[in-house]
Every structure is written in C-alpha cells, then in structure tokens.
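What follows is a set of notes on a single structure, which appears directly below.
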Amino acid sequence: MEEKKFYLLLEDGTVFEGSGYGACDRETVGEVVFTTGMTGYLETLTDPSYFGQIVVQTFPLIGNYGVIPSDFESGSVQPRGYITRQWCQCPSNFRSEGDLDTFFKAQGLPALSGIDTRRLTRILREHGVMNGKLTPKAPPYGEEELEELRRFSIREAVRSVTCREPRRVPAQGEERFRVVLWDFGAKENIVRELAARGCQVTVVPAFTTAKEILAMDPDGVMLSNGPGDPEENHEIIAQLKVLCQARVPFFGICLGHQLLALAHGARTVKLKYGHRGANQPVKELATGRLFITSQNHGYAVRSDTLPREAKLSFVNANDQTCEGVDYTDKPAFSVQFHPEACGGPHDTELLFDRFIAMMEGYRPAGRQEREEK
C-alpha cells in the first residue's frame, strides 16, 4: 500500500506527521480526545457519543479483527477523524467482513497512523482536550488556520445523531414490558439488553414531546447516551421536567444521566480530558463495592449542585466525580457509565435488572388493564 503523508495540527500549533489511510484525501476538524480501550474499536467508531470528535486510540495496534457490522452501535461511523499508532492491514477473524482502510474510505472517514500516540495522549492529559485538524496539507500553517481551529465547537450534536422516525423492536421471547428509549444518540446494545429482558422497545427521536411519550403508555422510559454539551439541550430538558411529573420509571445512561440531573436543577461541568475507555473504576457508595466500567463522556454532573431528592450513588474512583444518582421522590435512577457494556466489562449489567424490578413495582393503570384483557 502506497504511504500517504498525513498530518494532525492541534490548536496550540503542535504538529504530528504520519501516514494517512481511509479518506485521507480530505481535511477534517474536531475535538481531539483519547480512549484507553484495548478492544472494542468497532463500538467506538460507531458510538454516536463521539460525534464531532477526532478519536485517538491509546492501544498501539487497532484493526486486527477487522470490520464486523453486527458489532456496530449505530448505522455509520460517528467520529470526524481517527488516530492510531498502527493499524492492521491484514485482519484475522472468522467474523471479519473487511479491513479498516476500505471501511473508512466507504464511510468518508480520514485516519492517521504512525505517530507517537503516547506523546499525543500526554499532551491532552496535561493541557486538556484540544481542537485539531487532520489534513493532507504539509506545514507550515498560518495563524489564520490556528484561529479557525480555536473557534471550532461541536453544535447541534444530539439533533445530528438522533433517529428521524420512531421504530419498534420486539421483545425476545414473552413481552413483559413496554419501554420508550429516548434517543439522544443511543447505542444499539441498550436496545439489545432491554429486549433480552422481555421489553418491547420503542425508540423515539430526541425532540419527541413528553405528551407524545406518555401517549405510548410506557412501563418505563430509558434516557440514552449521546454527544455534546448537556446544558445546550434546553428543549429536551424542558420536556423531561414535564415527563418527570408523571412518575414513570426512568433509567438514564451517560447523557441521559446528565439531562435527568439538569431537569432537577443540577449543573454540569466540562472535564479536562474526560473519561473514555473500558477500564474506568467506579465505587458504589452504599456498599463500597468497586466496578470496572465502560465510559465515554467529556462532561459530568456537579455533585454539589444535586437537589435534596437526588442521592449520589456512584463516584469515579480516580477523580471522585459523580457517576450515579438515585432519586428518592420518584422511581428513577441514572449512571454516567455504560452498563450495556459493549465494548467493555459486564460488571454493571445488573442495573438493567434493577430497571426491570422498578417497572415491576410500578405499573400504570393502563398497562394493568391491557394485561387483564
């Protein structure tokens, strides 16, 4: 394969030179973030939470098990760019249906390899997340280009990744519950976990109203993960406040966790470089038990702004940031990490069982009437 020079320019003027693959004939600008997962690169590439970002894989070799569409978390690649130390040109796996270079070309994703990803990660850890540009254009770069990078921000993230029309996924086996999954950029494995537990899942767009959701007469509402600054989602937060008054059971994950907290008057804060990877430790405060979790977020709920009815349930074992909240005045809880665990550890899948138990303990009258018929 012919080597094509490709470059990463950071907003502070730092330049990395390497080789391009995928759609490396084009430029892309995004927020440069790193993820520490050793596996699960396909889930990372198709996770809507990475919208607007250029993803750096800290693990040095990526692509060795190829491209496996059944592992995708959405229908397309979600980041704006991709950076690896080395990518495997000859994947070996009985499930593989292709290689990353071919896949990225088809998806229009520019990718950079052959750079010192450890050095890049240290820069992001020390200075925080920075904007960057992947480009085939060689240096030098002018001040105008740096100013353009500094002005970049991720906008309308949720609107860009949510589904356009509702869709219904049947339960696996006997249908026990009807759940509305409010799609802010949902990972497909959330649907799989609910369906496996006997839930018929109706996935609805992010800007569905509270009235429309309640008209579906759900046993529970799932608030999905998603990208961007949670505090920008004013319309969704307003509708969530209305929905919370109905006392329908809620389970929020990642962005859904943040939005639920914002609907209760809490605030969020942007982290220096976020939590991304499949090896993030969290502590359950009630038991002192530690879990290893999969995470992908750049914002966190400020624990000191939680209202009286919101009880902190999990904290990050590294930096003590909020990782979970239980609501004592309604059947609702949320977590910052990903219990659907794809890719990642399965330590916290039990939280789906907790949601099931919550729905069993609270059945709307309309649901009871349907069952009696």
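Being open to solvent by 80 Å² or more (accessible area, probe 1.4 Å) and modelled with pLDDT of 95 or more narrows it down to one of Pro166, Pro205, Pro170, Pro136, so name that one. Steps first, please.
Values: Pro166 fails: open to solvent by 80 Å² or more (accessible area, probe 1.4 Å); Pro205 fails: open to solvent by 80 Å² or more (accessible area, probe 1.4 Å); Pro136 fails: open to solvent by 80 Å² or more (accessible area, probe 1.4 Å).
None of the other options fit; the residue is Pro170.
Please work out if Pro170 is more than 21 Å from Ser70 (Cα to Cα) and touching a strand residue (DSSP E or B) at 6+ places or on another chain (Cβ under 9 Å). Full working, then the answer.
Details: more than 21 Å from Ser70 (Cα to Cα): no; touching a strand residue (DSSP E or B) at 6+ places or on another chain (Cβ under 9 Å): yes.
The answer is no for Pro170.
Filtering the range 81-132 to residues that are open to solvent by less than 10 Å² (accessible area, probe 1.4 Å) and either part of a loop (DSSP other than H, G, I, E, B) or among the charged types (D, E, K, R) (or both) leaves Thr84, Leu109, Ile115, Gly128. How about the range 43-59: which of its residues are under 13 Å from Leu109 (Cβ atoms) and either surrounded by 24 or more Cβ atoms within 10 Å (Cβ to Cβ) or at pLDDT below 95 (or both)? Hits for the range 43-59 are Thr44, Leu45, Tyr50, Gln53, Ile54, Val55.
The rows are residues; the columns are (1) open to solvent by 10 Å² or more (accessible area, probe 1.4 Å); (2) outside any loop (DSSP other than H, G, I, E, B); (3) free of Cβ contacts under 8 Å to residues at least 40 places away in the same chain.
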{"residue": "Glu174", "(1), (2), (3)": "yes, no, yes"}
{"residue": "Arg178", "(1), (2), (3)": "yes, yes, no"}
{"residue": "Val201", "(1), (2), (3)": "no, yes, yes"}
{"residue": "Glu212", "(1), (2), (3)": "yes, yes, yes"}
{"residue": "Ala246", "(1), (2), (3)": "yes, no, yes"}
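Assessment of the range 223-241 against the conditions (free of Cβ contacts under 8 Å to residues at least 60 places away in the same chain, part of a loop (DSSP other than H, G, I, E, B), farther than 26 Å from Glu43 by Cα and open to solvent by 10 Å² or more (accessible area, probe 1.4 Å)) yields no matching residue. Among the residues of the range 282-300, those that are closer than 22 Å to Glu349 by Cβ and crowded, with 16+ Cβ neighbours inside 10 Å comprise Val282, Lys283, Phe291, Ile292, Thr293, Ser294, Gln295, Asn296, His297. For Met358, the criteria (1) under 23 Å from the mean Cα position of the chain (by Cα); (2) in a helix (DSSP H, G or I); (3) in contact (Cβ under 8 Å) with a residue 40 or more places away in the chain; (4) surrounded by 15 or more Cβ atoms within 10 Å (Cβ to Cβ) hold in every case but one, which is (1).
The values are calculated or read from the model by the stated rules, or taken from the named source; none is laboratory data. Please read these numbers as outputs of a predicted model, since none were measured by experiment. In this analysis, Cβ positions are derived from the backbone assuming ideal geometry, glycine residues included, and neighbour counts consider all displayed protein chains. Protein only, heavy atoms only, side chains kept; ligands, DNA and RNA dropped before computing areas. Shrake-Rupley method; radii C 1.70, N 1.55, O 1.52, S 1.80 Å.
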